[in-house]
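Q: Input: one structure, supplied below.
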Amino acid sequence: MRKKTFAAAALLAAATLTLSACGSGDDGNSPVAVVSEDTATQAATVLDTPFEKPDLVLTDTHGKKYDFRAETKNRPTLIYFGYTHCPDICPLTMNNIAVAKKSLPKAEQDKLLVVFVTTDPARDTASELGKWLKGIDTQFVGLTGDFATIQAGARTLGISIEPTSKDKNGKLVSVHGTQVVAFSPKTNGGYLLYGQDTTVDDYTKDLPKIIKGETP
Amino acid sequence: MRRFAGPVAVLTGALVLTGCGGSDDAKAQLSVGSAYMPQPVSDMAAGFLDIANKGGEKDELTSVTSDVGPVSVHETVGQAMEEVKSLDVPAHGQLVFKSGGNHLMFDKLKHTLKQGDNVTVKLHFAKSGPLTVEMPVKSATYNPTTGH
């Protein structure tokens, strides 16, 4: 998949250079063709070796203990690590999933679990997290707790997160991987990986499959 | 993978201007396009836009102001976002703010912003005069590549 990406990029770059030399209009068509081929590829990365569920025992937005493995057992589940003071990718990713979820029949919406784990637990208390998620989807689960536990859990999914730190202007920022991992209701394995470029349409296409534990 | 489409298209446009534009004007000539704000979830929001420079001299975006609340300029380096004091608008080039990359960060919004609203944003530069931009609030999942 990666190799293909670079090939496409090179083709596009070549076409771009032609244009910069005021070349004939014919060359201008080739990037379009490459891009449309590109978008036909799968958003999900299917993992050869699925991830085991992280052993995360944290606190949900109601202030109750939430054992991730127990609560999500045999349920189609998406997990994402982020924080509420994140202006760009975190709300975009959660909203993309929320909008895609709303296109599912009600029964399937109820089956799907979407779990948002904060990477900034000092600021994202249970109630802060609850307030934020309510603005996105009232069914989404929000988890907060001990940073070291969250970091270790994320690491088992190949997602790196760092403690919240001050940038050079004194603003608190949290550095975190932006992948979404989907867990199968059949095997409980984390078998699909989505990057931050995944769109509403991608999730709309894939969620019905994830709910059945199928590979999109 | 799709991320190549945006920047490459932008680059193509920029290079067309370089190759075919007749202007040898040394001064920066700035214009703003594709401004939008995804409908915010809380009192924070991100804003995106392109600043094009048709001129032969670079300029710098030094600050951004708005009536809706404080605005800061962020760039994304690897996974970390960092507030920056200024960003270059290269000669015959563009400064692009897009999801996952540079963004304007609105903080402590004075009131709730909904899809359909417009936010007035003023861009201040090192050399050129300020530019006022009407930034429409789009859906929370708005994708500028597809337009919905």
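No lab work stands behind these numbers, since they all come straight from the coordinates. These numbers come from a predicted model, not from an experiment. Please note: Cβ atoms are built from the backbone with ideal geometry, for glycine as well, and neighbour counts cover all protein chains shown.
Q: Go through the stretch B:100-119 residue by residue and tally those that are over 17 Å from the mean Cα position of the chain (by Cα) and within 14 Å of chain A (Cβ to nearest Cβ).
A: Let us first name the residues in the stretch B:100-119 that are over 17 Å from the mean Cα position of the chain (by Cα), namely B:108-117.
Subsequent filtering for residues that are within 14 Å of chain A (Cβ to nearest Cβ) retains B:108-109, B:112-115.
Residues flagged as over 17 Å from the mean Cα position of the chain (by Cα) and within 14 Å of chain A (Cβ to nearest Cβ) within the stretch B:100-119 amount to 6.
Q: Is the stretch B:120-133 home to any residue that is crowded, with 18+ Cβ neighbours inside 10 Å, under 18 Å from residue B:43 (Cβ atoms) and more than 12 Å from every other protein chain (Cβ to nearest Cβ)?
A: yes
Q: Another question, if that's okay. Among what's in the stretch A:199-209 and is at the interface with chain B (Cβ under 9 Å from one of its Cβ atoms) and surrounded by 19 or more Cβ atoms within 10 Å (Cβ to Cβ), pick the residue that is nearest to residue A:100 (Cα to Cα).
A: A:200
Q: Being within 14 Å of chain B (Cβ to nearest Cβ) and more than 18 Å from the chain's Cα centre (by Cα) is the filter here; which residues of the stretch A:139-181 pass it?
A: Those that are within 14 Å of chain B (Cβ to nearest Cβ) and more than 18 Å from the chain's Cα centre (by Cα): A:163, A:164, A:165, A:166, A:167, A:168, A:169, A:170, A:171, A:172, A:173.
Q: For the stretch B:120-148, which residues satisfy the criterion of being farther than 11 Å from residue B:37 by Cβ, of a type in the set (A, V, I, L, M) and more than 13 Å from the chain's Cα centre (by Cα)?
A: B:126
Q: Condition first: exposed (fewer than 15 other Cβ atoms within 10 Å of the Cβ), of a type outside the set (Asp, Glu) and more than 15 Å from the chain's Cα centre (by Cα). Can you find one or more residues in the stretch B:52-66 that meet it?
A: No: zero hits.
Q: List, please: which pairs have Cβ atoms under 6 Å, are six or more places apart or on different chains, and start with a residue in the stretch A:70-96 that is touching a residue at least 12 places away in the same chain (Cβ under 8 Å) and end with one that is part of a helix (DSSP H, G or I) and among the small types (Gly, Ala, Ser)?
A: A:81/A:154
Q: How many residues are buried (at least 22 other Cβ atoms within 10 Å of the Cβ) and not hydrophobic (A, V, I, L, M, F, W, C) if we restrict to the stretch A:86-114?
A: Qualifying residue count, the stretch A:86-114: 5.
Q: Please go through the stretch B:73-99 and give me each residue that is out of contact with any strand residue (DSSP E or B) (no Cβ under 8 Å at 6 or more places or on another chain) and either surrounded by 15 or more Cβ atoms within 10 Å (Cβ to Cβ) or more than 9 Å from every other protein chain (Cβ to nearest Cβ) (or both), ordered by number.
A: Filtering the stretch B:73-99 down to residues out of contact with any strand residue (DSSP E or B) (no Cβ under 8 Å at 6 or more places or on another chain) leaves B:77-78.
Within the stretch B:73-99, B:77 is the sole residue that qualifies.
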